[in-house]
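To start, the structure under review is shown below, and the notes come after it.
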Amino acid sequence: MIIKLTVDRFEEDKAVLIFDGGAAIVWPKEKLPADIHEGSALSFDIREAVEREKENKQAAKDIINEIIKNS
């Protein structure tokens with residue numbers, strides 16, 4: 001899913017981003033491209049991180065197995 005936003009303004013180290021529908025979010029300025037400015041159009045690509053979820057589940061299983069093994 002692609003989400004389109006516009007940089008509305010900067011407040012110290014934060015950027016206020018406006019969705020096409022008018023809702024706003026505050027985002028860390030350091031997490032945006034360096035050359036960003038008020039009025040810049042942004043696109044966020046949001047999708048499920050399936051591989052990361054698998055890695056997290058495996059890490060949890062490994063920890064549980066280690067705890068059981070050392071009990």
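Remarks
- The condition of being among the basic types (Lys, Arg) and in contact (Cβ under 8 Å) with a residue 40 or more places away in the chain holds for only one of Arg52, Arg47, Arg9, that being Arg47.
- Members of the range 40-70 that are touching a Ser or Thr at 6+ places or on another chain (Cβ under 8 Å) and farther than 30 Å from Phe10 by Cβ: none
Since every read-out is calculated from the coordinates, none of them should be taken as a lab result. Note that the structure is a prediction, hence the values are computed from the model and not measured. Note: ideal-geometry Cβ built from the backbone for every residue, glycine included; neighbour counts use all protein chains shown.
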